[in-house]
Structure formats: structure tokens, C-alpha cells
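Remarks on the structure that follows.
The values are calculated or read from the model by the stated rules, or taken from the named source; none is laboratory data. Computed from a prediction, not measured in an experiment: that's the story for all the values here. Here Cβ is always computed from backbone atoms with ideal geometry, including for glycine, and neighbour counts include all displayed protein chains. Note: areas computed on protein heavy atoms with side chains; ligands, DNA, RNA excluded. Shrake-Rupley method; radii C 1.70, N 1.55, O 1.52, S 1.80 Å.
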Amino acid sequence: TSFFSEHGYVVVGGVLDEARCDATVDEFWESPSFLGSRPGLRRDDPSTWGNDVWPAGSRNFLDPLEPCAEVETWRNRVCAQVRRVFEALWRGLGQADNRLVSSVDRVGIMRPTRLGSGGREVVQRPEWRTSRNWLHWDQNPWQSPGFEAMQGLLGLSPATSSSGGFVTVPGFHREFAEWGSRWPEGSIPKRTRTMIPFPVPMEDEMQGRRQKILVPRGALLVWDSRMPHENFPNEGEGWRMVQYVTAKRLSQELLRSRVAAWHAGLRTGLVPTTLARRLSVQEQVWLAMVASEADGDLQDLRAAMAAGDALSEEKLEAARRLRRAYRLKQTAISPEELKEASELFRSAFATNPELKLPLQSVAAAE
């Protein structure tokens, strides 16, 4: 914890074992929530990794299309070793009296951009490289100058200086509040106190203090959200695969909103009750699916699950249509697909207007 307090980040090795890393990478490739949703994309054939098939985006992030259907990413998210690291750092920061809650985050996948080795012709794919020079904060220096959250990622592939990875400015969390005072709101064009992410100006001196931080396979990197950060592009022959995890403190009001969002999702079928059942009570608390381990809070969760179990097939189908609409909204590349998504939204809400409740609760919890 002393390293984290001084430098603003820490890398903890051996959090996931090889089998868990392998299983998660397999899920990335096979699950329709991730790369399995891309027709024609094959793990063993680089000719299928082109931009015409690869998910759009220049910074390696991949949002899950069907998060509740995943298995390995949930196991990692609630993994006891992951929780222990965050909780130890939390106590070291003197935050033990505040409630620590895990987020549900996306994953990161960078393609190799140097193909061929061992005597084979080397082919460069610079167009597959992610963007560079996008140093930013996920915490606004004008709105929230103090400590707010710990962000993190789990390394799932070997890390080298050329395989793409994390960049930060060590120790800057101790300068964050002063930076916001030195550059008050209105002094930097195109920046506001509600902007998240908040881009660091290209001319700022901290750009010259950036350092690459390598995260070995199976390790957990945690950084203070006051730390500026970005990824460096993959210029090597290996994949870069990570899973993002975040732990933040929530006020009682936001905690209630987060719990209400989960319960509304369970009651309407948007969140399958099977997901809640495969989690322990401690894991449900970690995700803010339940406010605490108190009997009354657990009874509220059980009531939400019972309501979900009692849904008619018609309402369950409405929830499936709503999930399908969100998937289409994320992946649509044609007007016809966007039109289909709009029709699915209308149909789902017409069948069960209560499906709007979890969406409203999620908005209130963020």
C-alpha cells in the first residue's frame, strides 16, 4: 500500500492463475458477447482480423453485448484475490469506513500488428494499431479534486514493451488537486466540469513524464483515478488482452440507487435471476446487488428474484427483445439494423412498460 500511496498505481502479480487466464481469453473469442458475435472472425486466421470484420473503435475497448450471459468475466470480477487487493489498498488510504463497490466494466483487446516470424515473411498492419497520445482522466479535476475511485485491469496475455499497454504519469495523483487550481474551470478550451473522460492538454508538461507500465499475465494493475493514463499501441506479434475492473466509494444515496437498478433488472427479466444465484452473498454485496448482509436487505433481493422467476413468457420475451435492441444499437452498420433496433425498443416497452424502470435506476446510480 505504501507504493500505491506514493506512486498512484501498483501491479500485483499472481492474482489469476494460468487456467483462469486461458478460460477468459477463450470466452473473449467464443462468446457472442465479445468476438464470437463477429461473423467470419477466426482466432487462427490473421486474414480474418481486418477492419471490415473487427469491432469498430480506435482504443481497444470492447463493450460486452450480453454481459449477463458471460461466465469467466464475472468470476474474475468477484474473484476473492481481486477483492482482497482493492480492500487492502482501500484500508491503506484510510477509507475503511466508506463502502467499496465494484463496477461492471468492459474488456480490452489489441490485435498484433506485426505478423509472421520463424522464417515467415513479416507483414506489418499499422492500420490495426490503436490511437496514441490520448492521455486523460476518468475523474474531473474541477468537479472532484479529491480521491474518488480505484481503477484497474487484469492482464490476460503476456506483456512486452511492444505489445500495447498502460501508460501513466507516476505520482501525479498527489498533484491532481493543485493542477485543477492552477488551471481553473474556463482556462482550458473545450473542457467543462462535467466532462468525463477529461483529456489532458497536449501542451501540458506532464505529457513528457509518461511511462509505460507492463502488466504480466495474471496480474492486477490498480491505479488511483486521479492518475492521467492512456494505452500505447500494439506494435508487436502478440495479442494484448485485459479485463477492466473498478472499485469506487458510493454514498448511501448512490448505493441505494445501484441496488434499485439491480433489483429492477431482476424483477423485469432484464437481468436473469440465474446470474444472482451463482453469486455468494459477499459477491452480491461487492457488486451492490444487495446493500448489505443484513436479513432485511437479503429479503429484498430474494423478493426481486422471486418476481423475476414469476414473469410470464411474454414479459421474458420482451426483456430478450430489449437486450437484442441494445446489441443492435451497439453494432448496427446499416439503416435497416438501426430501424430494427428502434422497433425492438418500441415493442419491448409496449409489452412491459416496467422495463423502463431498470434503465432509469441505472441512470440515477451513475
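Quick notes on this structure:
- Check on Thr194, surrounded by 18 or more Cβ atoms within 10 Å (Cβ to Cβ) and among the polar types (S, T, N, Q): no
- The number of residues in segment 263-281 that are aliphatic (A, V, I, L, M) and either open to solvent by less than 10 Å² (accessible area, probe 1.4 Å) or over 24 Å from Thr73 (Cβ atoms) (or both) comes to 3.
- Helices (runs of 4 or more DSSP H) lying entirely in segment 311-366 (those with 2 or more residues that are within 23 Å of the chain's Cα centre (by Cα) and more than 15 Å from Val271 (Cα to Cα)): 313-331, 356-365
- Residues satisfying the stated conditions in segment 240-264, i.e. farther than 18 Å from Ser292 by Cα and modelled with pLDDT of 95 or more: Arg240, Met241, Val242, Gln243, Tyr244, Val245
- Taking segment 1-33 as the range and being in a loop (DSSP other than H, G, I, E, B) and touching an Asp or Glu at 6+ places or on another chain (Cβ under 8 Å) as the test, the residues that pass are Gly8, Ser31, Pro32, Ser33.
- Total residues in segment 198-242, condition crowded, with 21+ Cβ neighbours inside 10 Å, part of a strand (DSSP E or B) and of a type in the set (A, V, I, L, M): 5
- Enumeration of residues in segment 67-96 that are closer than 27 Å to Gln330 by Cβ and open to solvent by 40 Å² or more (accessible area, probe 1.4 Å): Pro67, Ala69, Val71, Arg75
- Identity of the residue in segment 249-262, open to solvent by 30 Å² or more (accessible area, probe 1.4 Å) and among the aliphatic types (A, V, I, L, M), that ends up nearest to the chain's Cα centre (by Cα): Leu254
- Criterion (open to solvent by 20 Å² or more (accessible area, probe 1.4 Å) and either out of contact with any strand residue (DSSP E or B) (no Cβ under 7 Å at 6 or more places or on another chain) or not in a helix (DSSP H, G or I) (or both)) met by exactly one of Gln284, Gln299: Gln299
- Per-region count, segment 138-161, residues among the hydrophobic types (A, V, I, L, M, F, W, C) and within 13 Å of Asp224 (Cβ to Cβ): 3
- When Trp54, Trp29 are checked against the criterion of being of a type in the set (Phe, Trp, Tyr), farther than 23 Å from Ala319 by Cα, open to solvent by 20 Å² or more (accessible area, probe 1.4 Å) and at pLDDT 95 or above, a single residue qualifies: Trp29.
- Residues (loosely packed, with under 12 Cβ neighbours inside 10 Å and either under 18 Å from the mean Cα position of the chain (by Cα) or without any contact (Cβ under 8 Å) to a residue 12 or more places away in the chain (or both)) located in segment 32-44: Asp44
- Here Ser47 meets the list (1) open to solvent by 40 Å² or more (accessible area, probe 1.4 Å); (2) out of contact with any helix residue (DSSP H, G or I) (no Cβ under 7 Å at 6 or more places or on another chain); (3) over 16 Å from Arg125 (Cβ atoms) almost entirely, failing just condition (3).
- Candidate set: segment 181-190, residues that are charged (D, E, K, R) and either surrounded by fewer than 11 Cβ atoms within 10 Å (Cβ to Cβ) or free of Cβ contacts under 8 Å to residues at least 24 places away in the same chain (or both); chosen: the one farthest from Leu156 (Cα to Cα): Arg182
- Lone unmet requirement of (1) β-branched (Val, Ile, Thr); (2) more than 22 Å from Thr331 (Cβ to Cβ); (3) surrounded by fewer than 19 Cβ atoms within 10 Å (Cβ to Cβ) for Val15: (3)
- From Gly269, Gly218, Gly236, residue being on the phi > 0 side of the Ramachandran plot and in contact with a strand residue (DSSP E or B) (Cβ under 8 Å, 6 or more places away or on another chain): Gly218
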